[in-house]
Amino acid sequence: MQPTHTRLDDPAKTDSQTLLDVKDLKTHFFTDEGVVKAVDGVNLSLKRGETLCVVGESGCGKSVTARSILRIVPNPGQIVSGEINFQQRDGEAIDLARMNPKGREIRKIRGGEISMIFQEPMSSLSPVHTIGSQIMEAILLHLPVSRQEARKRAVSMLDLVGIPRPSEQLDAYSFELSGGMRQRAMIAIALACEPQLLIADEPTTALDVTTQANILDLIRDLQQDSGMAVLFITHDLGVVAEIADEVVVMYLGRDVESGDVDAIFHDAKHPYTRALLQSIPRYDSRENRRLYSIKGTVPHPFARPHGCPFHPRCDDFIAERCNSIDPPRHKLSQSHSVRCLLYSAADEAPPKEDALS
């Protein structure tokens, strides 16, 4: 029988400054065609009050990682191994990966201590319930308040996120609001119970530039006021440079490089990270110079390459090594790590099964 609650007694896992610590997380989807390794060994750590940005191409496993933390991975996906260590408000550290995804314990955490802003609010908000009823539902579920008190709190949350005439908009439906207002309503729902951790899954992708800037400023201001940690998923490296404290770069379900924002932008080590940075348009670029693009495409889930998953697209490919050796994580400094054979021992040998193939 799977345990629903796991207490962590290791002092290393209960560091008071570390709110979330994900270790070697693997989430796979078992389909009729085969196994899709959407998340295949992700490691990340987030401290209280900080912002961790997760970047990478579409299909690299960013959203599935976020859903794994909240234990809302849709069927036929499931967590097959790894740890998701989270420190609760009372100071007790638990492993979310060991909890029943439909149990009472995770329901207390989901929406209460960890909240999520989804990528597309129109598909996340109910079209048949008012905005106010959806905010009040979260409040009544997690806080010991009356319906009248919940309504007052809902009005104050809409006002907090910058929605005009909040007492009137409380009775509006999602389809009556603009894209920016819907996203603000989503943020109000996520923050209604003052979570310790906010997961934002590309919350500004479908918005115009001005609204995007307003939403980012709003999240940053709310973070400073409440001291919550933010796990921000995005494609936009410009956003990462603006808001991140720490960065994790993902490719094909793995963290290929992680470090503080200065190390990633000014001392990137992995060829994939460097390629992403070279793809950013620059104001000082020479006229008529073509924008750099990463060669090839992300491999099909059922045709994952042997060895380093990035080697078919890598400019620094090493024959007979990159296509046969699965690179381990190498710690370059206290806060900077990379998965690349350019930084491994030269005499490292490939695994026997790969060497025979």
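The values are calculated or read from the model by the stated rules, or taken from the named source; none is laboratory data. Everything quoted here is computed from the prediction, not taken from an experiment. Positions of Cβ are generated from backbone atoms using ideal geometry, with glycine treated the same way; all protein chains shown enter the neighbour counts. Accessible surface is based on the protein model in full, side chains and every heavy atom, while ligands, DNA and RNA are left aside. Shrake-Rupley method; radii C 1.70, N 1.55, O 1.52, S 1.80 Å.
Couple of notes before you dig in:
- As a ratio to 2.2 N^0.38 Å, the alpha-carbon radius of gyration computed for the chain takes the value 1.05.
- Size of charge dipole - the chain - debye, nearest 20, with Cβ of Lys, Arg +1 and Asp, Glu -1, no other charges: 600 debye
- Rolling a 1.4 Å probe over the heavy atoms of the protein chains gives the chain an accessible area of 50 Å² per residue.
- Available extension along the chain between E242 and E57 is 64.7 nm, counting 0.36 nm per residue and deducting the alpha carbon span.
- The angle between the Cα long axis of helix 209-226 and the longest principal axis of the Cα atoms of the chain comes to about 80 degrees, rounded to the nearest 10.
- Debye-sum result for segment 119-220 in log10 I(q)/I(0), which assumes one identical scatterer on each alpha carbon, at q = 0.10 Å⁻¹: -0.24
- Mean projected area of the Cα convex hull of segment 211-262, taken over all directions, amounts to 4.1 nm².
- Between R220 and D24, the modelled label-to-label distance comes to 3.8 nm, taking each label 7 Å out from Cα in the direction of the beta carbon.
- Peptide ranges 82-89, 269-276 listed from the most packed, as the mean C-beta count within 10 angstrom indicates: 269-276, 82-89
- Accessible-area ranking of H306, H266, H336, H129, largest first, probe 1.4 Å: H266, H306, H129, H336
- Contact order normalised by residue count of the chain, Cα under 8 Å, 6+ apart, percent: 18 percent
- Taking only the Cα atoms of segment 160-206, the radius of gyration and Dmax are 11.2, 31 Å.
- Estimated distance in nm for a label pair at A303 and E33, the labels positioned 7 Å out from Cα along Cα-to-Cβ: 1.1 nm
- Fully extending the segment from E105 to V209, taken as 0.36 nm per residue of separation minus the present Cα-Cα distance, adds 33.5 nm.
- Potential extension, Q278-I318 segment - 0.36 nm per residue separation minus Cα distance: 12.3 nm
- Solvent-accessible area of segment 18-254 (1.4 angstrom probe, protein heavy atoms only): carbon and sulfur portion equals 48 percent.
- Annotated for the chain: lysine pairs at least 8 residues apart or interchain, Cα distance under 18 Å, count 10.
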